[in-house]
1. Identify all residues within the stretch A:468-516 that are among the polar types (S, T, N, Q), over 32 Å from the mean Cα position of the chain (by Cα) and buried (at least 18 other Cβ atoms within 10 Å of the Cβ); write none if there are none.
2. Please return the ranges of helices (runs of 4 or more DSSP H) entirely within the stretch A:390-479 where 1 or more residues are without any contact (Cβ under 8 Å) to a residue 12 or more places away in the chain and either touching a Ser or Thr at 6+ places or on another chain (Cβ under 6 Å) or under 28 Å from A:Q496 (Cβ atoms) (or both).
3. Do you know which residues across the stretch B:123-142 are under 17 Å from B:Y176 (Cα atoms), in a helix (DSSP H, G or I) and touching a Ser or Thr at 6+ places or on another chain (Cβ under 9 Å)?
4. For the stretch A:147-172, name all the residues that are assigned to a loop (DSSP other than H, G, I, E, B) and either touching a strand residue (DSSP E or B) at 6+ places or on another chain (Cβ under 9 Å) or on the phi > 0 side of the Ramachandran plot (or both).
5. Among the residues of the stretch A:660-693, what is the count of those that are on the phi > 0 side of the Ramachandran plot and either surrounded by 24 or more Cβ atoms within 10 Å (Cβ to Cβ) or at pLDDT below 95 (or both)?
6. Are any of the residues in the stretch A:84-100 within 26 Å of A:L524 (Cα to Cα) and crowded, with 22+ Cβ neighbours inside 10 Å?
7. Would you mind stating whether A:T555 is more than 19 Å from the chain's Cα centre (by Cα), at pLDDT 95 or above and either farther than 23 Å from A:T635 by Cβ or of a type in the set (V, I, T) (or both)?
8. Considering only residues that are surrounded by fewer than 13 Cβ atoms within 10 Å (Cβ to Cβ), among the acidic types (D, E) and in contact (Cβ under 8 Å) with a residue 12 or more places away in the chain, which ones fall in the stretch B:44-81?
Amino acid sequence: MSISERVARLQERSRATTPTLSTERAELLTEFCKRDAPPVSPPVQRALAFQFLMERKSIYIGDDELIVGEKGPQPKAAPTYPELCCHTLEDLNVLDSREKIAFAVSEEARKVYEQTVIPFWGGRSMRDRIFREMTDEWKAAYEAGVFTEFMEQRSPGHTVLDDKIYHKGMLGFIGEIEGRLNELDTLNDPEAYDKQEELKAMRICARALIRYAERHAEKARELAAQEMDAERRQELKRIAEVCTQVPAHAPRDFWEALQYYWFVHLGVTTELNPWDAFCPGHLDQHLYPFYERGVADGSLTREEAEELLQCLWIKFDNQPAPPKVGVTAQESSTYTDFVQINLGGLKEDGSDGVNKLSYLMLDVIRTMRQVQPNPSAQISKKTPERFLKHAAQVIREGMGKPDLFNCDLIVQELVRQGKSLRDARAGGTSGCVETGAFGKESYILTGYFNMPKVLEVTLNNGLDPRTGRQIGLATGNPADFETFEALFSAYRRQLQHFIDIKIRGNNVIERLYARYLPAPFLSLLTDDCIASGRDYHDGGARYNTNYIQGVGLGTMTDALTAIKYHIFDKKTLAMEDLLPAVGRDFQGDERLHQLLLNRTPKYGNDDDCADAVMVDVFDAYFAAVDGRPTPRGGTYRINMLPTTVHIYFGSVLGATPDGRRAGSPLSEGISPVQGADRRGPTAVLKSAAKMDHARTGGTLLNQKFTPRLLQDDEGLSKFIQLIRTYFKMDGHHIQFNVVDGKTLRAAQEHPDQYRDLIVRVAGYSDYFCDLGKALQDEIIARTEHRGF
Amino acid sequence: MTTGIIFDIKRFSIHDGPGIRTTVFLKGCPLGCWWCHNPEGQAPQRELILRPNRCIACGACVEACDRGAITVEQGTIRTNREQCAACGACVEVCYAEARELVGREMTVTDVMAEIGRDVTFYDESGGGVTFSGGEPLAQPAFLHDVLQACKGRGVHTALDTCGYAAWEVLDRVRGYVDLFLYDLKLIDDARHRETTGASNRRIRRNLLRLSREGHRILLRVPLIPGINDDEESIRALGTFAANLPSLEGVDLLPYHSIGRDKYRRLGKDTVMPKVDLPTDEQVTQIARLLGKFGLEVRTA
């Protein structure tokens, strides 16, 4: 449980490196599209572009490295994807000068963009296509902040690998692809040509990845020839050997397995920039056979395995999330690319999945103290107490990692969605908290949905009070609603209206990706794309799911509860009094404001009145979204997570009837409104468990604990019992910030002294000092639970 | 149905017995310990708490009070506690929660409903309910009925008591108590009388008797600087505790000054002199000393 000198140096170098924007990928792609793009089908063209990149992008092998390969020309050099969204010069200025989450943009890079990239891609990117195709009503809702659009800057995401690469080299994949090509019925199958093109594209990509690895082998041999230090020379030779074996062939040992994964990771994230990059899934389970074999035959020690894992950890940290453009920069201000690694959980046959590597990886998390990757402990009723305790000890150290998932419930969620039991158990979570069948599903988050904004529009008869524009349906003057049910039914209609707008837009965007930006490399890794000859973006995966993520459940619930309780149940307040006060942001109405804050049932207190409203809000959202078809043959589902969008969504929203001030953040995930939960964590968990998590594809619950609570063994075991109970009640996920408010405020004052302070944000952790002031304040405001 | 005066019910209470618990605080206490950190639990009747920093000076309380106990002076609300009958009329209209009435009359059914809310957590953690105070034995009939109701529902019960009650009172409830959290402050009776207002003879006698009857007992010893943290006091305590046949262990509770603010809000004076808080080192040393008497010592 320590860091070797090598790893310490690598980590120091990674931390000290400023993220930069690299134009290499954009330049190569432009060159390819200008000169080398032959008149072939879109998938083959994309495959040839991929090949062009893999043959030409810089090869980086740094000192001390054991696992090699970078997405950019060197660590922290983030490539761009102009075919998806083309940065303007102004975007580059913003990225370069931003106080937080900046990317250094050199003068030269700016010139390349000005002279080469922008002239070619400006107005031609997927983003341009999307905005051109969207209707006025879509744009009005989007601009009002009713929803966001995930695919305008990044390609469809939630790509998680299963175990297939650990048994099969790229040559094996090529064999499979060729088998399918030979089987094509070119006479009777009307889609035979499309399939052929897709399969040919996959084959090109598989070969390109082999070539990319060979180039690393060549570079390693070259460096070995110049290396004076005998030990390092040996390592470089070994690296060359590893890169010759994988990905062409199946890995033979632990090191090769890790390097193979990393090449695949780089392949997926070079081809496109899918959301949450690419996730290794059940890495502990996948690597375990290699670990066991290595330890048994004496070729691997625990320490060596740990060091190799640490080297992989640094690789993840070297890849900041793709630099954003436009307003999206506001939404998600983080370098984190949401790579999640599942630890423990279940095996395909339903038995406990915890092994020695699960523990080893927990130790790696603890020693490395990095924001990326994002490990999660998957807890089932079969999970040994010792593993949960080990995870809790890591959480106690205050990094908010790992977060905890209820994998018994996750299996239920997946089976409800139609996955086979086996595929469900081999699945898990990725990104923040999203459920999926690993290696077999394309599950796309399509955008966040601002529930309280829809309530605001409803309370203004279809008008957005911020802009005065009519963006919704005229559902009636709220003062005329005689019952709460009448109001709620108006809200439902308004909700359906906006969900329909969102889905209409998604239907177009999904086809744009299928047609213009196929992803043949990602496809060959995903069952059953090879078998069906269809692309990942075009329904080739075994399972296809679209999510629209509901945001602001707590705010929404409390706002509606306030109306229900005071206006309709107690009849102590009239709509005509409440709404103008809300419109004035409670200026001059402090007494009413306090009444709303303190004398109103709130979600998160195990209060049956508020919680019943929460269930109604949840059910309405579920009914509006779940079960609707997607163009690629999949189904819409819901999940409840905000990442950091609750800040942006709050900023476009006026005051709300729960007493929330205009512009302040919404509640996040399924957590109660910040500070509204006053009855301790058991009450929060009980409230949260009243929704039917099994009908979601993920919910996010954030809890803040003071370190004092967990300092001794007894505190730790009570903490574990709390988690077990929440999972017994079918909660999906819970995460913890274990820091006290005092520490956070001190960090705000003296960021220099708290650079390594990691806090849980929303399904991921980040450096506290990298967060914007609003988000920092919000984290401080989240209720700090103390033992009583 | 019997009712009790409850001043708080805390869920996820994790320092008052095994597992995850709910602690019910009963109002009223026969002792008056200098260091009491729950001064709102001392008096048996309802009391008014003020939090001026939350006041928005809306004046609603002034209107509500029909005894004229509340006035506005230069924009600030003043409350004359001598005129106040703690009727709660002002609290009712104070939306900003600057005024609070501590002490609520609850039936056994009311309390059981609250306790019942976290049964799932008790089941998973081996937790239950703890009755604390104030001094729960000061409301004997109610305590008896609520304990009986808990046992009827299979909920684990702990009684956090100072032991200052007639044996008959203890005797009536002890059958429903799974664990006693028994406070013992000082063995020296003169010092006990001085700092708590009562003799400890009854406390010691009850403790011995409970222990001889085979009840599970955890001693809780508050460590109060300058009052009971000297070697002599600790040794005396160790000697006494070592002779209790059914003792499970000793919990040391180092003094903290969180209670001071509560006195202010209640409009009461603190008797406890300002002292330095016990250091971790001192606590460890005392724990070690008690350990020498063959006691299982834990520090909170």
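1. First pass over the stretch A:468-516, keeping only residues among the polar types (S, T, N, Q): A:470, A:475, A:477, A:483, A:489, A:494, A:496, A:506-507.
When the remaining residues are screened for being over 32 Å from the mean Cα position of the chain (by Cα), the result is A:470, A:475, A:477, A:483, A:489.
Of everything in the stretch A:468-516, just one residue is among the polar types (S, T, N, Q), over 32 Å from the mean Cα position of the chain (by Cα) and buried (at least 18 other Cβ atoms within 10 Å of the Cβ), namely A:T475.
2. Values: elements: A:407-416, A:421-425, A:451-459.
Result: A:407-416.
3. Within the stretch B:123-142, B:P136, B:L137, B:A141, B:F142 qualify.
4. Step one: of the stretch A:147-172, the residues assigned to a loop (DSSP other than H, G, I, E, B) are A:148-149, A:153-159, A:161-163, A:167-169.
Matches in the stretch A:147-172: A:T148, A:E149, A:P156, A:G157, A:H158, A:T159, A:L161, A:D162, A:D163.
5. Residues flagged as on the phi > 0 side of the Ramachandran plot and either surrounded by 24 or more Cβ atoms within 10 Å (Cβ to Cβ) or at pLDDT below 95 (or both) within the stretch A:660-693 amount to 3.
6. The initial filter retains those residues of the stretch A:84-100 that are within 26 Å of A:L524 (Cα to Cα), namely A:84-85.
Filter once more, keeping what is crowded, with 22+ Cβ neighbours inside 10 Å: A:84-85.
Yes - at least one qualifying residue is present in the stretch A:84-100.
7. Yes.
8. B:E63, B:D66
The values are calculated or read from the model by the stated rules, or taken from the named source; none is laboratory data. Nothing here was measured: the structure is a model prediction, and the numbers come from that model. Positions of Cβ are backbone-derived with ideal geometry, glycine not excepted, and every protein chain shown enters the neighbour counts.
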